[in-house]
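Q: Got a structure for you, written out below as C-alpha cells; questions coming shortly.
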Amino acid sequence: MIKIVIVDDQKILLDGFVKLFAPVEDFQVVGSATLSDLVDVYCYQKAPDLVLMDICMENKITGIEVTRRLKEKYKSLKIVLMTGFPEWTFVEKARAAGADSFIYKDGSAEEFISCIRDTMAGKHVYPQGSGKHNTF
C-alpha cells in the first residue's frame with residue numbers, strides 16, 4: 001500500500017485527486033491539504049510514503065521550498081511535484097530541490113497513477129521537451 005498525502009491550494013483539484021485515487025487498490029490517501037504549511041504535520045502524524053504537491057501555492061510557500069525541507073527531514077519520503085503552468089524553470093528547480101518526480105496537471109489519470117508507482121519503484125519521472133514524461 002502506498003500512503004499518499006496530497007497538497008494543492010485549489011480545493012476542487014484536491015478533491016478530484018482524492019476521488020481519483022480512492023479506487024486504486026495499492027493507493028491510500030492518508031491526508032490532503034490546501035496549505036503547504038500543513039505538510040510537515042501530516043508527514044509527522046501520517047508517515048506517508050509519497051507527497052503529491054503543487055508547486056505554486058497560495059500562501060507563498062512554494063512546493064519547491066517545502067520539498068527541500070521535507071527531503072532534509074524525511075530521507076525515504078518520495079515527492080512528486082506538479083503544476084498546471086508550462087514553465088520549464090520549474091522542472092530544473094524541482095530537480096535541484098530533490099523532488100523525485102515532476103508531472104504537469106494536464107496529464108491523464110493513468111499518467112498520474114503510473115508516475116506515482118514508478119516513483120515508488122525508485123524511478124524519476126520528469127517531462128521531456130515534448131511535454132511527454134521520461135522515466136529513468
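Q: Carbon and sulfur atoms: what percent of the 1.4 Å accessible area of the chain do they account for?
A: Values: 3710 of 6930 Å².
Exposed carbon and sulfur together represent 54 percent of the surface.
Q: Next up: Looking at (1) 45, 28, 24; (2) 38, 32, 29; (3) 43, 40, 27, which value of Cα extents along the principal axes in Å comes from a calculation on the structure shown?
A: Entry (2).
Q: Which loop trypsin sites (Lys or Arg not before Pro) in the stretch 27-136, with loop taken from DSSP, have no more than 12 other Cβ atoms within 10 angstrom of their Cβ?
A: Lys60, Lys75, Lys132
Q: Within 9 Å, Cβ to Cβ, of Asp54, how many net charges do the neighbouring residues add up to if Lys/Arg are +1 and Asp/Glu are -1?
A: Net charge in that neighbourhood comes out at -1.
Q: Could I ask something else about it? I'd like the antiparallel share, as a percent to the nearest 5, of DSSP beta bridges with both residues in the chain.
A: Here the share of antiparallel DSSP bridges comes out near 15 percent.
Q: Here's a follow-up. With +1 assigned to the C-beta of every Lys and Arg and -1 to the C-beta of every Asp and Glu, and no other charges, what is the dipole magnitude of the chain about the Cα centre in debye, to the nearest 20?
A: Dipole size: approximately 380 debye.
Q: Right, something else. Of Lys11/Lys60; Lys19/Lys75; Lys3/Lys123; Lys11/Lys123; Lys46/Lys93, which sit over 25 Å apart, Cα to Cα?
A: Lys19/Lys75; Lys11/Lys123; Lys46/Lys93
Q: In addition: Sort Glu25, Glu92 by heavy-atom solvent-accessible area, probe 1.4 angstrom, most to least.
A: Ranking Glu25, Glu92 by accessible area, largest first, yields Glu25, Glu92.
Q: Hull surface divided by four, with the convex hull built on the Cα atoms of the stretch 1-42: how many nm²?
A: Working: hull surface 10.7 nm².
Average projection, Cα convex hull of the stretch 1-42: 2.7 nm².
Q: Continuing with the same structure: All other residues with a Cβ under 14 Å from the Cβ of Val29 taken together, and with Lys, Arg as +1 and Asp, Glu as -1, what is their net charge?
A: Neighbour charge sum, excluding Val29 itself: -2.
Q: Could you check the simple spin-label distance between Gln128 and Lys19, using points 7 Å along Cα→Cβ, in nm with one decimal?
A: Those two pseudo-labels are separated by 3.4 nm.
Q: When the chain is fully extended, how far beyond the present Cα-Cα distance does Asp37 get from Tyr74, taking 0.36 nm per residue of separation?
A: 11.7 nm
The values are calculated or read from the model by the stated rules, or taken from the named source; none is laboratory data. Please read all numbers here as calculations on a predicted model, not as lab measurements. Neighbour counts are summed over all protein chains in view; Cβ atoms, including those assigned to glycine, are modelled from backbone coordinates with ideal geometry. Ligands, DNA and RNA are stripped out before the accessible areas are found, and what is left, the full protein with its side chains, is counted by its heavy atoms. Shrake-Rupley method; radii C 1.70, N 1.55, O 1.52, S 1.80 Å.
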